[in-house]
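First the structure, in the form of structure tokens, and then the observations on it.
The values are calculated or read from the model by the stated rules, or taken from the named source; none is laboratory data. The model shown is predicted, which means the values in this text are computed figures rather than measured ones. Here the Cβ positions follow ideal geometry from the backbone for every residue, glycine too, while neighbour counts run over all protein chains shown. Quick note on the areas: whole protein, heavy atoms, side chains included, nothing else; ligands and nucleic acids left out. Shrake-Rupley method; radii C 1.70, N 1.55, O 1.52, S 1.80 Å.
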Amino acid sequence: MPKIITSKDVHLSYGSKEALHGISLDFEEHEITALIGPSGCGKSTYLRCLNRMNDLIKGVKISGSMKLEGKDIYAPNVDIVDLRKRVGMVFQQPNPFPFSVYENVAYGLRLAGEKDKHVLDERVETSLKQAAIWDEVKDHLYDNALSFSGGQQQRICVARVLAVQPEVVLLDEPTSALDPISSSKIEDTLMNIRHEYTIIIVTHNMQQASRISDKTAFLLNGDLVEFSPTEKMFIHPDDEKTSDYLNGKFG
Amino acid sequence: MQEYDYNKTHIIDIPLELAMKTENLQVFYGDNHAMHDASLEFPRHRITALIGASGSGKSTYLRCLNRMNDRIATVKGKIMYRGMDINTKNINVYEVRKHISMVFQRPNPFAKSIRENITFALKRNGIKDKNELNKRVEESLKAAALWDEVKDDLDKSALALSGGQAQRLCIARCVAMKPDILLLDEPASALDPISAAKIEDTLMELRENYSIIIVTHNMQQASRIADYTAFFHMGHVLEYDVTEKIFTTPQIKATEDYISGNFG
Amino acid sequence: MDEIKHDLQNPSKATHQDLFGKGITYLCIGFVSLLVISILYFITTRGLATFTTNHVSLWKFLSGTNWNPALLDKHGNPQIGALPMIVTSFSVTVLAAVVATPFALGVALFMTEIAPEKGTKILQPVIELLVGIPSVVYGFIGLSVIVPLIRHSFGGTGFGILAGTLVLFVMVLPTITSLSVDSIKAVPMFYRSASLALGATRWQTIYKVVLRSATPGILTAIIFGMSRAFGEALAVQMVIGNAVLMPHGLLTPSSTLTSQLTTGIGNTTMGTLPNNALWSLALILLLMSLVFNVLVRIIGKRGALKK
Amino acid sequence: MKKRSFFSTIVAVAAVGVLLAGCGSSSSSKSKKSSADSNVKITAVGSTALQPLVEQAASNYQKANKGVNISVQGGGSGTGLSQVQTGAVQIGNSDIFAEQQDGIKAKQLVDHQVAVVGMTPVVNKDVSVSNLSMAQLKGIFTGKYTNWKQVGGKNEKITVVNRAQGSGTRATFESAVLEGAKAVKAQEQDSNGTVQKIVSTTPGTISYLAFSYVNSKLKALSVNNVKPTDANVTTNKWKIWSYEHMYTKGQPNKATKKFLNYMDSGKVQDSLVQKLGYISIHDMKVTKNASNAVSQK
Amino acid sequence: MNSKTSNNIATGVIYFLVACVLAILVFLLGYILITGIPHVSWHFLTSSAQSFAAGGGIRDQLFNSMYLLVLTLIISFPIALGSGIYLSEYAPENWITGVIRTAVEVLSSLPSVVVGLFGFLLFVVNFHMGFSILAGAIALTFFNLPLLTRSIEESLQDVSELQREAGLSLGLSRWKTITGIVLPAALPGILTGIILSAGRVFGEAAALIYTAGQSAPTVNYGDWNPMDSASFLNFMRPAETLAVHIWKVNTEGVTPDAAAISSGASAVLIVVILLFNLLARMLGRWLYKRMTATK
């Protein structure tokens, strides 16, 4: 399978504090990769490098190479706006805009200048269906998105990202703020779309990683400890630290 | 993900001396029934962990124990402490909180010096003697395993401490009041692993002299430090037993699913 | 053991402290309320005297265009028509808000979205200084700079609504700006990240998400600015020309409620019709201020419901 | 509760203090008045035009008479008259006769005329006219003439700046010039300083000012070829003038009387009054009453 | 239009607007200072005003302004603090609170001349305070209260709820939590509020004409007995402030150098406000440091 994102020796520091100490990870197309590790290990930080969301934070320095389909993400002539359209992101806290469900999902398309009502309608419906939320919201498309439950909001956020038709979807602990029922729905959603998108998910829930991901990367204190197919990692981890973590010795 | 039978519960009585207990505790946020009939007993000088997924009601429950929910929610049922129901109007909540102290999820040191963080409440409670105050500062910081790190900086701002240090300062602040019971609401969840480990060590030491009730979403943490563990789910207490039993032979399906990571 | 029981069941020092503190704050807010009530009562009784004691019809007062309280017209009725002043007051207020809003939003966005650190460092003192300049000084700068400037560029005397608008524009700018900054800052950071992550440019994010979410707050800011402008007296009085005429344009001398009030109040005697008529103007000001505040509240509530 | 903290003490003490001050101030000031007989307090309120003169005179007077405390305030003639009438102040300064003011019971008040003020029409310097007939002046202020060429000047729009309704200056001017006709609606300003500034900077403007405010930046007009000079006022050849009044309620008390006598003495009339641009009451060869009838002294 | 082009245009427009506002301020300050500073001299600052001769100074007015400001703050700050604490910490969310808030706002947008006359009739006349600094200070309190109350309330609200929880969970009373923990943390914000309102107090004229009066009797700066009528500390004496002086000189001034006095006084006024801002900022920083760290 072709590698869609490659990264080599990625260092990141906030001011004088280095948070990532040289991480090299490659992601294959149409797979789910999970990043796991205890809080503060750098998994979210690394994820946010992939669509340059860290640019928003003052004093962040990033070195090393990160490539999307062979093109350097951090090259000076890269159009960040375009990059973020190709690499979408779902955040930890459900964060729909305070607009209607329809407007939320159509937001990205409108940004791109899409005005045709039919195209918008169709794409909104498709995305909501992909995110497995269509049945719950189809009669409330023009209600404020904030009036739905946290789990529904999060799936609306997933639909919002899918509507832009990105190649890669990044998810930053998408279920950690949700109740168990909603979490499992989000997981279903991800299983639904795994063959059309490349998915990279950060999670603190090891079981979640083992349930849904094809490959898993274990990070600890800013270092990549182990990266292997999920099944293998959970049964025969190569590194002792990985096995300690998986057995709950720390974290 | 299935719905569980909330009527089926497994809750043991504690065979030890009790620190406190609740009887049929219910919490309502407006119309939202957030906690259903929780009856739990907490042993003296032991650590009890409350676990469960986000939104299961464990923090809500904990905050009732020293009446921190007074202004935000309606709490019904009995909270028994030293033979009194402290969930009644004529109870002096300020005194309750002196005996039942709380550490929060996010470290919240006062915008004062490290020393003053500890002495502030002591002074307000009538301890004026300088030596006594200094002694308490040292004792409590040692108890919270922070003394060596800050002993030379006692008069510096507490805001300059790292997250882990600040959280231990918050614990020290409570310990200095010599409470009876310590409530901790996910005290390590906002911290890095090393700091979290230090907090755990601290708690293990405090266990000698305090009754500790801790909310955590980290099951490994619960299994490492707690003597008893209660499992909360969707506003119900479904299982309460010795920690080891909860993690090895859970009696309730939901508990089993949770600790084996099927949800959460 | 019993000691603890006793402690728990009886009020302690803390309980007394709390009662004491509560008492003090209640006293303070009570005092403030008393002040407000007394001043409202005062203005209302004086303002209503025109209609109750002098039997002027309310409709004539609001719709008449002749203001000459000391004189009687052909039918022996006092000439007190406040319409020209009401119209002028509204014109300068609305115009000042219209002119000030883009500038205020520009500055607010600069301080929150474009260059938060540098922007706040430079612009916060700027805003505070603009507040600090006394209205007398604004008035005299208006009189010696803006009025001649208008005269030279547009002809006429230079006095009028335009001059009033320009002076008020600078005076309400800080109010609108700082309140807008507050409401834009209150837009959660994650709206911005979400929008940027969907491939929006900074301006698209500002325009489609930030400003849209902050709209109730910004409207509130504008209304507060207008309410300040409506009540401003000295500075406007110096540049508006004080002619009680229906304004024919932006360049003819005119008169606002406040300027007429300030000009006339020293020259009338308490209890006479001309004096009462002026208090009626003050009552209008008061009611308008009330209306502005109620508007703010309604908008605030709407905004809150949305979120 | 021995030692309250810093903040609560401040809050408590100050809040209580303020309340006490609010309630108790009336009694405290009253008691002060009665306890200090030697310390006489006189308050004069009213006309802003008269204020500088009285203020300066009071300051000189206090230097010579220790223990007398005179406070002089503005507020406008209407305020002065209504406050002296209610007895809130000892002296009410006014630019107009009490009889001319609505709502004042003039009979209760005693008039003390302390100076005469002459007023003159003034125009911006670019206006070529330097003399107007009384009829032309009236025509301008009633709106009959709107262009300077109608009264013999160049083609330029006339901008009228009137004085505030009810002000003494306007009352004087209207009674001397308009003779009951209604003034055109125009800009109104209530202070000499502002009018001075506006007339000197706005082309084609006409207004009127007390003599003392005429300066080199604007032009005073002659009326009926009579120049606006002090000498012409004293003989009533220049018609636009009025008295400055200091009213008391009934006959003044001893201290006030003494001060009013001082105002009428040569020390004030011969130096201060003239320095401030007023005309001494002693120089007048005519008198005017409240209904504007002029008679030889 | 391309989204990037519009982004650039919008950013440009914002920069332009900011530049305009900066230019306005620079112009205002420049105008006031350039026309005024040449008239400011040591003599100007330290001699008393003249009614009709040239060469008068502003010593008494300057002092009166300061004194009035201090007195106003002494009266209004405690009340505003209490009210701010009430609104932020104790006020229940119901219609009464709503009415109180609205009332306070209405108070702040009343034209100052109305407040001045109200103060005149109530304090000067009815309470027999006469034209006095005290009456002036009370009238100014009317303006100051809403601004100060609001800013104190906001600063208190800005303090994280976590701090309150921390205090309460240690068994402290709410009052102690507020005064000992929340209030110190809110201090920098409260100070900024005081600066802003002080600026307004300092520049207010219309309300003072009828309350503190517009004459400045000579006072004895050596007399420290506030009960003495000649003392500079006496607050029952009339007092003309700087802003009132500017207004008076401009409207009725007959002194030959009225224009010079007015622009000089304006410049002094602005400089004082500038200094005041600067000082209060430094004080705020210093106080915050002191409160948060060493005792």
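In the stretch C:112-212, which helices (runs of 4 or more DSSP H) lie fully inside it and hold 2 or more residues that are more than 19 Å from the chain's Cα centre (by Cα) and among the charged types (D, E, K, R)? I'd like the intermediate steps shown before the answer.
Numbers: elements: C:116-132, C:135-141, C:147-154, C:161-185, C:189-197.
Hits in the stretch C:112-212: C:116-132.
Please go through the stretch A:127-140 and pick out each residue that is in contact (Cβ under 8 Å) with a residue 24 or more places away in the chain and surrounded by fewer than 19 Cβ atoms within 10 Å (Cβ to Cβ). Steps first, please.
Filtering the stretch A:127-140 for residues in contact (Cβ under 8 Å) with a residue 24 or more places away in the chain gives A:127-128, A:130-133, A:137, A:140.
If the condition is that a residue be in contact (Cβ under 8 Å) with a residue 24 or more places away in the chain and surrounded by fewer than 19 Cβ atoms within 10 Å (Cβ to Cβ), then A:His140 is the only one that fits.
Evaluate the following for D:Ser175: is it more than 9 Å from every other protein chain (Cβ to nearest Cβ), of a type in the set (S, T, N, Q) and over 19 Å from C:Ser144 (Cβ atoms)? Before the answer, list the steps.
Working: more than 9 Å from every other protein chain (Cβ to nearest Cβ): yes; of a type in the set (S, T, N, Q): yes; over 19 Å from C:Ser144 (Cβ atoms): yes.
Yes: the conditions hold for D:Ser175.
For D:Gln113, all conditions in the list (1) buried (at least 23 other Cβ atoms within 10 Å of the Cβ); (2) more than 11 Å from chain C (Cβ to nearest Cβ); (3) of a type outside the set (Ser, Thr, Tyr) hold save one; what is the number of the exception?
With (1) buried (at least 23 other Cβ atoms within 10 Å of the Cβ); (2) more than 11 Å from chain C (Cβ to nearest Cβ); (3) of a type outside the set (Ser, Thr, Tyr) applied to D:Gln113, the lone miss is (1).
Return a yes/no flag: does the stretch C:251-260 have any residue that is assigned to a loop (DSSP other than H, G, I, E, B) and surrounded by fewer than 23 Cβ atoms within 10 Å (Cβ to Cβ). Let's see the steps before the verdict.
Of the residues in the stretch C:251-260, the ones assigned to a loop (DSSP other than H, G, I, E, B) are C:251-253, C:255-256.
Within this subset, residues satisfying the condition of being surrounded by fewer than 23 Cβ atoms within 10 Å (Cβ to Cβ) are C:251-252.
Checked the stretch C:251-260: at least one residue is assigned to a loop (DSSP other than H, G, I, E, B) and surrounded by fewer than 23 Cβ atoms within 10 Å (Cβ to Cβ).
Restricting to the stretch C:67-113, give me the number of residues that are farther than 20 Å from C:Gly249 by Cβ, within 9 Å of another protein chain (Cβ to nearest Cβ) and either in contact with a strand residue (DSSP E or B) (Cβ under 7 Å, 6 or more places away or on another chain) or without any contact (Cβ under 8 Å) to a residue 60 or more places away in the chain (or both).
Selection size over the stretch C:67-113: 6.
Give me the residue from the stretch D:118-141 that is open to solvent by 10 Å² or more (accessible area, probe 1.4 Å) and touching a Lys or Arg at 6+ places or on another chain (Cβ under 7 Å) and, out of that set, nearest to D:Val199 (Cα to Cα).
Checking each candidate, the answer is D:Lys125.
If you scan the stretch E:158-184, which residues turn out to be crowded, with 24+ Cβ neighbours inside 10 Å and away from chain C (no Cβ under 14 Å)?
Scanning the stretch E:158-184 gives a single hit, E:Ala166.
Within the stretch B:109-119, how many residues turn out to be open to solvent by 10 Å² or more (accessible area, probe 1.4 Å) and either closer than 16 Å to B:Gln167 by Cβ or of a type in the set (A, V, I, L, M, F, W, C) (or both)? Step through it out loud before you land on a result.
In the first step, residues of the stretch B:109-119 are kept if they are open to solvent by 10 Å² or more (accessible area, probe 1.4 Å); the result is B:109, B:111-112, B:115-116.
From the residues that got through so far, the ones that are either closer than 16 Å to B:Gln167 by Cβ or of a type in the set (A, V, I, L, M, F, W, C) (or both) too are B:109, B:111.
Going through the stretch B:109-119 one residue at a time, the tally reaches 2.
Output the residue which, of all residues in the stretch D:157-209 that are more than 17 Å from D:Thr142 (Cα to Cα) and aliphatic (A, V, I, L, M), is surrounded by the most Cβ atoms within 10 Å (Cβ to Cβ).
Looking at residues that are more than 17 Å from D:Thr142 (Cα to Cα) and aliphatic (A, V, I, L, M), I get D:Val199.
Determine which single condition E:Glu93 fails, assuming it passes every other condition in (1) open to solvent by 10 Å² or more (accessible area, probe 1.4 Å); (2) more than 8 Å from chain C (Cβ to nearest Cβ); (3) touching a Ser or Thr at 6+ places or on another chain (Cβ under 8 Å); (4) not small (Gly, Ala, Ser).
Condition not satisfied by E:Glu93: (3).
Can we say C:Val36 is within 14 Å of chain E (Cβ to nearest Cβ) and either under 20 Å from the mean Cα position of the chain (by Cα) or surrounded by 23 or more Cβ atoms within 10 Å (Cβ to Cβ) (or both)?
Details: within 14 Å of chain E (Cβ to nearest Cβ): yes; either under 20 Å from the mean Cα position of the chain (by Cα) or surrounded by 23 or more Cβ atoms within 10 Å (Cβ to Cβ) (or both): yes.
Here the answer is yes, as C:Val36 does meet what is asked.
Please state which of the following conditions D:Gln136 fails to meet, knowing it meets all the rest: (1) of a type in the set (S, T, N, Q); (2) assigned to a loop (DSSP other than H, G, I, E, B); (3) away from every other protein chain (no Cβ under 13 Å).
So the condition that D:Gln136 fails would be (2).
Taking the stretch A:184-220 only, how many residues are open to solvent by 10 Å² or more (accessible area, probe 1.4 Å), modelled with pLDDT of 85 or more, within 13 Å of chain B (Cβ to nearest Cβ) and not in a helix (DSSP H, G or I)?
Summing the residues that are open to solvent by 10 Å² or more (accessible area, probe 1.4 Å), modelled with pLDDT of 85 or more, within 13 Å of chain B (Cβ to nearest Cβ) and not in a helix (DSSP H, G or I) in the stretch A:184-220 gives 1.
Counting only residues that are within 11 Å of chain C (Cβ to nearest Cβ), give me the helices (runs of 4 or more DSSP H) lying completely in the stretch A:96-142 with at least 1 of them. Even if it seems obvious, please write down each step before you answer.
Working: elements: A:101-111, A:117-130, A:134-137.
Passing ranges, in order: A:101-111.
Can you say whether A:Thr175 is over 21 Å from C:Leu211 (Cβ atoms), of a type outside the set (Phe, Trp, Tyr), away from chain C (no Cβ under 11 Å) and part of a helix (DSSP H, G or I), as far as the supplied structure shows? Step through it out loud before you land on a result.
Details: over 21 Å from C:Leu211 (Cβ atoms): yes; of a type outside the set (Phe, Trp, Tyr): yes; away from chain C (no Cβ under 11 Å): yes; part of a helix (DSSP H, G or I): no.
So A:Thr175 fails the test.
State whether the residues of the stretch E:55-64 include one that is in contact with a helix residue (DSSP H, G or I) (Cβ under 7 Å, 6 or more places away or on another chain), at the interface with another protein chain (Cβ under 9 Å from one of its Cβ atoms) and hydrophobic (A, V, I, L, M, F, W, C).
no
If you go through the stretch E:191-214, how many residues are more than 9 Å from chain C (Cβ to nearest Cβ) and in contact with a Gly (Cβ under 8 Å, 6 or more places away or on another chain)?
Selection size over the stretch E:191-214: 7.
Residue by residue, here is whether (1) away from chain E (no Cβ under 12 Å); (2) over 17 Å from the mean Cα position of the chain (by Cα); (3) open to solvent by less than 10 Å² (accessible area, probe 1.4 Å) holds:
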position	(1), (2), (3)
B:Arg63	no, no, no
B:Ala73	yes, yes, no
B:Gly77	yes, yes, no
B:Met80	yes, no, no
B:Lys89	yes, yes, no
B:Lys98	no, no, no
B:Pro107	no, no, no
B:Lys128	yes, yes, no
B:Ala143	yes, no, no
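Do any helices (runs of 4 or more DSSP H) entirely within the stretch E:59-127 hold 1 or more residues that are touching a Gly at 6+ places or on another chain (Cβ under 6 Å), and if so, which? It would help to see each step written out before you state the result.
Working: elements: E:59-85, E:95-108, E:112-119.
By residue number, E:59-85.
Need the failing condition index for C:Tyr41 against (1) open to solvent by 20 Å² or more (accessible area, probe 1.4 Å); (2) touching a residue at least 12 places away in the same chain (Cβ under 8 Å); (3) farther than 30 Å from E:Cys20 by Cβ; (4) more than 9 Å from every other protein chain (Cβ to nearest Cβ), just the number.
(2)
In the set C:Ala197, C:Ala186, which member is under 30 Å from A:Asp172 (Cβ atoms), away from chain A (no Cβ under 11 Å), aliphatic (A, V, I, L, M) and touching a helix residue (DSSP H, G or I) at 6+ places or on another chain (Cβ under 9 Å)?
On the way: C:Ala197 fails: away from chain A (no Cβ under 11 Å).
C:Ala186 is the lone residue from the list that is under 30 Å from A:Asp172 (Cβ atoms), away from chain A (no Cβ under 11 Å), aliphatic (A, V, I, L, M) and touching a helix residue (DSSP H, G or I) at 6+ places or on another chain (Cβ under 9 Å).
Can you find, within the stretch A:138-183, the residue that is modelled with the lowest pLDDT among those that are under 21 Å from A:Ala34 (Cα atoms) and of a type in the set (Gly, Ala, Ser)?
Among those that are under 21 Å from A:Ala34 (Cα atoms) and of a type in the set (Gly, Ala, Ser), it is A:Ala177.
Any idea which of B:Ala254, B:Ala230 is out of contact with any His (no Cβ under 9 Å at 6 or more places or on another chain) and touching a residue at least 40 places away in the same chain (Cβ under 8 Å)? It would help to see each step written out before you state the result.
On the way: B:Ala254 fails: out of contact with any His (no Cβ under 9 Å at 6 or more places or on another chain).
Testing whether each residue is out of contact with any His (no Cβ under 9 Å at 6 or more places or on another chain) and touching a residue at least 40 places away in the same chain (Cβ under 8 Å) leaves just B:Ala230.
Against the condition in contact (Cβ under 8 Å) with a residue 40 or more places away in the chain, open to solvent by 10 Å² or more (accessible area, probe 1.4 Å) and not β-branched (Val, Ile, Thr), how does A:Gln152 come out, does it pass? Show your work before the answer.
Numbers: in contact (Cβ under 8 Å) with a residue 40 or more places away in the chain: no; open to solvent by 10 Å² or more (accessible area, probe 1.4 Å): yes; not β-branched (Val, Ile, Thr): yes.
So A:Gln152 does not fit the description; no.
Could you list all residues from the stretch B:152-174 that are part of a helix (DSSP H, G or I), away from chain A (no Cβ under 14 Å) and in contact (Cβ under 8 Å) with a residue 40 or more places away in the chain?
Kept after step one, since they are part of a helix (DSSP H, G or I), are these residues of the stretch B:152-174: B:158-160, B:163-174.
Going one step further and asking which of them are away from chain A (no Cβ under 14 Å), we end up with B:158-160, B:165-166, B:168-174.
Selection gives B:Ala158, B:Leu159, B:Ala166, B:Leu169, B:Cys170, B:Ile171, B:Ala172, B:Arg173, B:Cys174.
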